[in-house]
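Working notes, beginning with the structure itself.
Readers should treat all values here as calculations from the given coordinates under stated rules, not as data from a laboratory. Keep in mind the model is a prediction, meaning the values are calculated, not measured. Cβ: placed from backbone, ideal geometry, glycine included. Neighbour counts: every protein chain shown.
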Amino acid sequence: MLQVREVGYRYGHRRNWLRPRKENSFVLNQVTFELNHSSCLSILGTSGAGKSTLGRVVLGLQKPHQGQVLFEGQDLYAASGRFRKNLRRDIQVVFQDCYSSVNPLMTADQIIGEPLRNYERLSARELKRKTGELLEKVGLSVEDGNKRPDQFSGGQLQRINIARAIALRPKLIVLDEPVSSLDRVHQSLILDLLAELKASLGVSYLFITHDIQAAMTLCDRVAVMDRGEIVHLSDSPASLWNSQQTAVKNLIESVLPDHPGDRLTLF
């Protein structure tokens, strides 16, 4: 479904007002992977590895300086306007910060219903029914549709963001650190919800995270990025434990057991 072929991306900058524009080295360098239907590929890496930049490239928000991004065989950045409009329906996103991802003046019904209003012709009654169904699908109630963002916890608001993301039955959802701002209890609940939706809707996930435990919970395949490159790519998430790559070892060593007494003997 998704093919990323030798993608490179770099950010330009000015060193100061007297000097001409310079180009940074590539933030993404020769990044290549594929993602199939109804599957989850986790992109792991520490801060600055290039994960979020890769997510924006896949979403069609930042054109790569080299390489291609193909969605169902079509080049995202060379396709017609009509294809790109349909693409915005087929590829959705859930961001890390659940609060800045929504309009604080909107109700949950309005937030979830926004993509439906943009792409489907529904009466007010049909729209209310659909948003209610979506709220229930993510574990909230129809009555929650009348509440505004400041009346929800972080975990509840992230459920609303997920409901909005699945409203149009997309083929791919880019999950950019969707649980990292939540406590462990809410992380577990959101990951369980994402797993249930993947099974019931057949949606694929590109799961961008620094959390190896979250990745192991949800993903079918795993990739590890370091300094803009993929240094580990495997169909078996368990292969991480045997990798000799320094970046992978550093990720594993950063994992702490839930009980402090076990932390010295984890590995």
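Only residues that are under 23 Å from Ala215 (Cα atoms) and either acidic (Asp, Glu) or touching a residue at least 40 places away in the same chain (Cβ under 8 Å) (or both) were counted in the stretch 51-68, giving 8.
Scanning the stretch 205-235 for residues that are surrounded by 20 or more Cβ atoms within 10 Å (Cβ to Cβ) and farther than 11 Å from Ser42 by Cβ yields Asp226, Gly228, Ile230. Tell me whether the stretch 111-118 contains one or more residues that are among the small types (Gly, Ala, Ser), under 22 Å from the mean Cα position of the chain (by Cα) and either surrounded by fewer than 21 Cβ atoms within 10 Å (Cβ to Cβ) or in a helix (DSSP H, G or I) (or both). Yes, the stretch 111-118 contains a residue that is among the small types (Gly, Ala, Ser), under 22 Å from the mean Cα position of the chain (by Cα) and either surrounded by fewer than 21 Cβ atoms within 10 Å (Cβ to Cβ) or in a helix (DSSP H, G or I) (or both). Counting only strands (runs of 3 or more DSSP E) that fall entirely inside the stretch 21-70 and contain at least 3 residues that are surrounded by 14 or more Cβ atoms within 10 Å (Cβ to Cβ), the qualifying elements are 28-35, 40-44. Of all residue pairs spaced 6 or more apart or on separate chains, those with beta-carbon atoms under 9 Å, a first member in the stretch 84-103 that is more than 11 Å from Asp176 (Cβ to Cβ) and a second member that is in a helix (DSSP H, G or I) and among the charged types (D, E, K, R) are Gln92/Arg164; Cys98/Arg159; Tyr99/Asp150; Val102/Arg164; Asn103/Glu114. So, of the residues in the stretch 71-107 that are aliphatic (A, V, I, L, M) and part of a strand (DSSP E or B), which turns out to be farthest from Glu6 (Cα to Cα)? Here the residue is Val94. For the stretch 168-190, the tally of residues that are under 17 Å from Leu140 (Cα atoms) and polar (S, T, N, Q) stands at 2.
Filtered by the rule that a residue be under 26 Å from Gly60 (Cα atoms), among the small types (Gly, Ala, Ser) and out of contact with any Phe, Trp or Tyr (no Cβ under 7 Å at 6 or more places or on another chain), the stretch 200-229 gives Gly202, Ser204, Ala214.
Within the stretch 155-167, not a single residue is more than 24 Å from the chain's Cα centre (by Cα) and either more than 30 Å from Asp211 (Cα to Cα) or among the β-branched types (Val, Ile, Thr) (or both).
Here's the yes/no breakdown for (1) of a type in the set (Phe, Trp, Tyr); (2) without any contact (Cβ under 8 Å) to a residue 60 or more places away in the chain:
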site	(1), (2)
Asp176	no, no
Arg184	no, no
Leu191	no, yes
Lys198	no, no
Leu201	no, yes
Phe207	yes, no
Met225	no, no
Val231	no, yes
Ser234	no, yes
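Pairs, please: C-beta under 6 Å, at least 6 apart or cross-chain, first residue surrounded by 12 or more Cβ atoms within 10 Å (Cβ to Cβ) and in the stretch 140-158, second assigned to a loop (DSSP other than H, G, I, E, B)? Listed by first residue and then by second, the contacts come to Arg148/Thr107; Pro149/Val102; Pro149/Pro104; Gly154/Cys98; Gly154/Leu182; Gly155/Leu182; Leu157/Cys98; Gln158/Cys98.
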